[in-house]
Amino acid sequence: MRVGLQISATLENIEKLETSHPEYAFFVKIICTNCGEKSDKWHDITESERVQQDTRNAAGFNFYMKCKMCGRENSIDIVDKSNVAYTVDDAGSFKTIVIFDCRGVEPVEFSPRTGWIVHSSENGQTFQDVDLSEDDWVEYDQKNNNSVGVYEFASKFIKLKK
């Protein structure tokens, strides 16, 4: 099953908002699609990291875990080239910024945390390693002499057709 992570935000003097792909760690809570067990802790999924290489999958997965309730082996991979920026044209509406290929589990909650890149409007400053864990972020663009901000950050997961 493919699941898209959608975000929405109000952008002030910002051209685009993006993750530090492929190093960005997506922190998610997941649910086992077999038994319905929901994780109570956050799990990180990073495209550049591979885990659980074995004879069935020599390349490994971006995320792997065995369900503690039913014992089923589950994995998630970030779909190659599915990572896109959230731009000023998207502001105020939901847009899919990354797609997860899920086997046995699906993400149900997202915590944005740190690792975002913010590009100011009109060739202004670029801010690295931005922390969106508070759902709002404000800074000052010295190049353009104005404030920049990300407000009302929200996220949701949607099931996608193949």
So the number of lysine pairs in the range 36-162 with alpha-carbon atoms under 14 angstrom apart, 8 or more residues apart or on different chains, is 5
Cα-based shape type of the range 1-63, given that a ≥ b ≥ c are square roots of the gyration tensor eigenvalues and the cut on a/c is 1.5 = oblate
Would you please give the FRET efficiency between I31 and Q125, computed as 1/(1 + (r/R0)^6) with r the Cβ-Cβ distance and R0 = 35 Å, to the nearest 0.05?
-> 0.35
Computed magnitude of the charge dipole of the range 2-160 (debye, nearest 20; Cβ of K, R +1, Cβ of D, E -1) = 940 debye
In nm, give the distance between the simple-model label positions of L160 and V79, each being 7 Å from the Cα along the Cα-to-Cβ direction.
-> 0.2 nm
Taking Cα pairs closer than 8 Å and at least 6 residues apart, the relative contact order of the chain in percent is 36 percent
In Å, the Kirkwood hydrodynamic radius from C-alpha pairs for the range 52-127 sits at 15.5 Å
Relative compactness, the chain, computed as alpha-carbon Rg over 2.2 N^0.38 Å = 1.12
Starting from the range 1-35, pick out the GluC sites (Glu not before Pro) whose DSSP state is loop and whose Cβ has at most 16 other Cβ atoms within 10 Å.
-> E23
Stokes-Einstein at 10 °C, 1.306 mPa s, Kirkwood radius from Cα pairs: D for the range 97-159 in µm² s⁻¹?
-> 116 µm²/s
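Taken together, the values in this text are just the output of simple stated rules run on the coordinates, not laboratory data. Note that the structure is a prediction, hence the values are computed from the model and not measured. All Cβ positions, glycine included, derive from the backbone under ideal geometry; neighbour counts span all protein chains shown.
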